[in-house]
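So the structure is just underneath, and the comments pick up after that.
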Amino acid sequence: MNAAFFKEHGGADKIIYGDYRDPAPTADEVVVRVRACALNHVDMLLLDGRFPPPEGLPHVNGCEVAGTIESVGASVKALQPGRRVVIFPGFSCGTCEYCQRGARTVCTRYGYLGAHRDGGYAELVRAPASNIVLLSDAISFEAGAAVPLAMLTSWHALVVQAAVRPAQTVLVQAAGSGVGSAAIQIARLCGARVITTVGSDDKIEFARSLGAEHVVNYRTQDFVEETKRWTNKRGVDVVIEHIGGDTFERSVYALTRLGTLVTIGSHDTHWGRLDLRHVYSKNLKVVGTNLGSIQELQAILEHLVDGRLTPVIDRTFPLRDARSAVQHVLSRKNRGKVLLVP
Ligand SMILES: [Zn+2]
């Protein structure tokens, strides 16, 4: 098959499009013909070596995949070739303490499609049958591929970890990102009011169109001051944070008493300081989250069918132009998801 893979770490120029080993599924796995695969920030970490692929090189990136079942392993009875599907991107062992507690995303042997094994920058990809979710005819492959990581993580952060309620206020960092554009919509779906940040004025209207009531250009305005002004000095109930560093530290100052900050990524840096006085004196919660459950992914897909959620797709590139797609994401010019289509 053809794939866009890399044999050494570096920038977009290290991505090679060409012939690659065919996926070899086990008895309880399926092979999916990729119809769309979304790019994510983690792809860039895998590529440049900050998060080297655990199975070594060469490696195929791509955690968010929609496609059709190409073939099924001998033990797989419930799925047939041709079915439209998305792949739930998290793998768990099912037997460790955390899996038994129902918290599969913190499995001690957790792995991601496209990280711990080859992913969807390819014509074909293999996955456990238990990770397959059927995709309605009403949802395009492109929309389906824009959901399993970014939108699911935002959903879990807001709905489960922060338990957002109607009329609460939410600060969403970086409206232009896949996570940010999803979080704004989900917070609105929960009945919350949203303030968000953008890095350039040309993204302000875009952020408003997603449902944000107030949009702050963080390059020219202080988002903490703007948040305080917008909430009459009170601060917001919830912050969705995925940048790290100074943004993480100052996001805590934007919270009201009893507020919750959910950290779901570290786009700029893995480090962030906390002024602990704010945390204990205001009884704040700072919680982490990664991904969500298969049931939550199915719930999101139902909202897509009904049109209550719409993944924001910036641009689609042919798989053979994966290098340009990665360059586009690295340049931070995208508004929403960037996709590859074989
Ligand atoms: Zn486990």
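Below are the figures for this structure:
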{"read-out": "Flag if residue 71 is among the polar types (S, T, N, Q) and modelled with pLDDT of 95 or more", "value": "yes"}
{"read-out": "Residue match in segment 50-68 (condition: farther than 22 Å from residue 21 by Cβ, without any contact (Cβ under 8 Å) to a residue 40 or more places away in the chain, under 20 Å from the mean Cα position of the chain (by Cα) and away from the ligand (no atom under 16 Å from the Cβ))", "value": "yes"}
{"read-out": "Residue 2 under 21 Å from residue 177 (Cβ atoms) and either surrounded by 20 or more Cβ atoms within 10 Å (Cβ to Cβ) or of a type outside the set (A, V, I, L, M) (or both)", "value": "no"}
{"read-out": "Members of segment 189-217 found to be more than 18 Å from residue 165 (Cα to Cα), of a type outside the set (A, V, I, L, M) and part of a strand (DSSP E or B), listed by number", "value": "197, 214, 217"}
{"read-out": "Segment 108-147, subset open to solvent by 30 Å² or more (accessible area, probe 1.4 Å) and of a type in the set (A, V, I, L, M, F, W, C), residue farthest from the ligand (Cβ to nearest atom)", "value": "138"}
{"read-out": "Criterion violated by residue 105 - all others in (1) more than 16 Å from the ligand (Cβ to nearest atom); (2) under 29 Å from residue 74 (Cα atoms); (3) surrounded by fewer than 21 Cβ atoms within 10 Å (Cβ to Cβ) satisfied", "value": "(1)"}
{"read-out": "Test for residue 90: is it out of contact with any Asp or Glu (no Cβ under 8 Å at 6 or more places or on another chain), open to solvent by less than 50 Å² (accessible area, probe 1.4 Å), farther than 18 Å from residue 323 by Cβ and not hydroxyl-bearing (Ser, Thr, Tyr)", "value": "yes"}
{"read-out": "Within segment 278-320, tally of residues that are hydroxyl-bearing (Ser, Thr, Tyr), surrounded by fewer than 19 Cβ atoms within 10 Å (Cβ to Cβ) and more than 17 Å from residue 36 (Cβ to Cβ)", "value": "3"}
{"read-out": "Count - residues of segment 223-245 that are under 27 Å from residue 314 (Cα atoms) and open to solvent by 20 Å² or more (accessible area, probe 1.4 Å)", "value": "1"}
{"read-out": "Residues that are among the aliphatic types (A, V, I, L, M), open to solvent by 10 Å² or more (accessible area, probe 1.4 Å) and outside any strand (DSSP E or B), drawn from segment 45-80", "value": "45, 57, 74, 76, 78, 79"}
{"read-out": "Close pairs from segment 89-109: first farther than 25 Å from residue 146 by Cα, partner part of a helix (DSSP H, G or I) and within 6 Å of the ligand (Cβ to nearest atom), Cβ under 9 Å, at least 6 apart", "value": "93/99; 108/98; 108/99; 109/99"}
{"read-out": "Any pair with Cβ under 9 angstrom, 6 or more apart, that starts in segment 5-22 at a residue that is farther than 11 Å from residue 322 by Cβ and ends at one that is surrounded by 15 or more Cβ atoms within 10 Å (Cβ to Cβ) and of a type in the set (Val, Ile, Thr)", "value": "7/16; 11/326; 20/60; 22/31"}
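The values are calculated or read from the model by the stated rules, or taken from the named source; none is laboratory data. This is a predicted model, so every value here is computed, not measured. Positions of Cβ are generated from backbone atoms using ideal geometry, with glycine treated the same way; all protein chains shown enter the neighbour counts. The area values use the complete protein model at the heavy-atom level, side chains included, leaving out ligands, DNA and RNA. Shrake-Rupley method; radii C 1.70, N 1.55, O 1.52, S 1.80 Å.
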